[in-house]
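K.L.:
Structure provided below as structure tokens; questions to follow.
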């Protein structure tokens, strides 16, 4: 029933769009009182920069005719010209898909913004986001979603963007934070956990649109991934809070919220490949490993402030590994997990995909950040940083007393 | 006349106010303040990283009394604010040169 497909996909689109204010609240609440607005501006501005890139040449690089498996033809869909023929019957058509892909690309860039909290010039962020989406996300998107070499030559599994969205943004955040250097004041603690929690609730809602929208219509797959997406977020909470209780003595609000996102990140590549028990095990593993991984940045000496590397990078890797370990043969993806007698070759393909994605995003982001730092300077002045980015970058403050 | 300034635990502020009102003290001023004493600050843990919070929230109560009422008022405040644990706060008194009631222009103890 194609009309139902159109109805569901339009609804999914609206729900996914809610992820942008959701992410803004999630990160804004974790930022200090003097950097909350700047954090939200960086998140929301990705819709502006990425939309422009996508309409001009972005969509072509992802799904255009492949040039050697590396990128699609950038001029393939220039200006989104010639996609407006009405098929004459209700069906999910090009104008919708093009808009839907923009959201996936923009949310990926928005996650990277978390690494820049409190110290990056807003103008530099806008330039960085244009360059990053072009040189990191779009080629990766071609490899994973388009006709690129990973999809053609690697038999790996990624349902809705564990590689190109989550691993890429996690590694990108780590490299950007490394080039930016630490904040002057790393003792700025999350200023509003209620905002964080509201943001996470909106993200969870958006994630249902993200995963069930990737099903492409009002079908069984959409319902299947709705179940696995719910369960992984739920047990992600348990995994994260359990580690906190054992390590720090208390389960925390921020831990619960982070656990939900860790579970959701983990299920993104695996939502169509695990059953209910598998989704719960995956969420638990993602939540627990991410809780541990949040402490790695201190050992690395990198002020990767809001832990996108742990939550999205490591969370995405855990999810990808879980689907090859305990995939369910009766699932829509039909993956037989290695623990249930599946073939070891899928593990190797998965590891190759993880390695290629993470390695490319890490190195390319480092190069972009270094070059832009030389050309335009990424960091705000010490004085601006001390005054807070809300005041110095936007001449505003979020709170009277800030 | 004396200015009595009390820094007390926020959850004891109501008791102090009621004790002062019962003793006939006609007015006082309350401020939310932050600081530390022997109690020091506390640590908060976010995603496994420890953050040191140096200042604790306290309530500051300012009240002006006649010289003769000083000791009795200090005793009242101490009794009402005390829990017996570290962090109960401090009370101190300072000499006042003059007090005036804005509405009538009365001066000195008549203005209290």
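K.L.:
Please work out the FRET efficiency for the pair residue A:153 and residue A:246, using the Cβ-Cβ distance as r and a Förster radius of 35 Å; give the result to the nearest 0.05.
P.N.:
0.25
K.L.:
At a threshold of 8 angstrom on Cα-Cα distance, excluding pairs fewer than six apart, so keeping six or more, what relative contact order does chain B reach in percent? Provide the component values of the computation, followed by the final result.
P.N.:
Working: 183 pairs, mean separation 46.9, N = 112.
Answer for chain B is 42 percent.
K.L.:
Where does each of A:254-260, A:178-184, B:38-44 land if you order them by average Cβ count within 10 Å, highest first?
P.N.:
A:254-260, A:178-184, B:38-44
K.L.:
What is the extension gain from residue A:52 to residue A:185, computed as 0.36 nm multiplied by their sequence separation minus the C-alpha to C-alpha distance, in nm to one decimal?
P.N.:
Difference between extended and current length: 44.4 nm.
K.L.:
Can I ask one more? Under 17 Å from a point 7 Å along the Cα-to-Cβ line of residue A:351: which residues of segment A:140-168 have their amide N that close?
P.N.:
A:154-157
K.L.:
Under a point spin-label approximation (7 Å from Cα along Cα-to-Cβ), what is the residue A:84-residue A:387 distance to one decimal in nm?
P.N.:
4.5 nm
K.L.:
Please give, to one decimal in nm, the separation of the simple spin-label points placed at residue A:18 and residue B:22, each 7 Å out from Cα toward the Cβ.
P.N.:
Label-label distance for residue A:18 and residue B:22, simple model: 5.2 nm.
K.L.:
Can you give the mean number of other chain Cβ atoms that lie within 10 Å of the Cβ atoms in peptide A:301-311?
P.N.:
Going residue by residue through A:301-311 and averaging, the value is 1.
K.L.:
Could you calculate the FRET efficiency of residue B:43 with residue B:90 from 1/(1 + (r/R0)^6), where r is the beta carbon distance between them and R0 is 30 Å, rounded to 0.05?
P.N.:
0.80
K.L.:
What's the angle, to the nearest 10 degrees (0 to 90), between helix B:70-81's Cα axis and the longest principal axis of chain B?
P.N.:
30 degrees
K.L.:
With a Förster radius of 30 Å, plug the Cβ-Cβ distance of residue A:379 and residue B:34 into 1/(1 + (r/R0)^6) and report the FRET value to the nearest 0.05.
P.N.:
The computed FRET efficiency comes out at 0.45.
K.L.:
How shielded is A:185-197 by partner chains, expressed as the average number of their Cβ atoms within 10 Å of its Cβ atoms?
P.N.:
2
K.L.:
Express in nm, to one decimal, how much length is gained between residue A:395 and residue A:343 on full extension, taking 0.36 nm for each residue of separation and deducting their alpha carbon distance.
P.N.:
The span from residue A:395 to residue A:343 would gain 12.9 nm if fully extended.
K.L.:
Just counting partner chain Cβ atoms within 10 Å, what average do the residues of peptide B:47-55 show around their Cβ?
P.N.:
Across B:47-55, the average partner-chain Cβ count within 10 Å equals 6.
K.L.:
For the pair residue A:299/residue A:10, report the inter-label distance in nm, with labels modelled 7 Å from Cα in the Cβ direction.
P.N.:
Those two pseudo-labels are separated by 5.2 nm.
Each value in this text was obtained by applying a stated rule to the coordinates, not by laboratory testing. Everything quoted here is computed from the prediction, not taken from an experiment. Cβ atoms come from the backbone with ideal geometry, glycine included; neighbour counts cover every protein chain shown.
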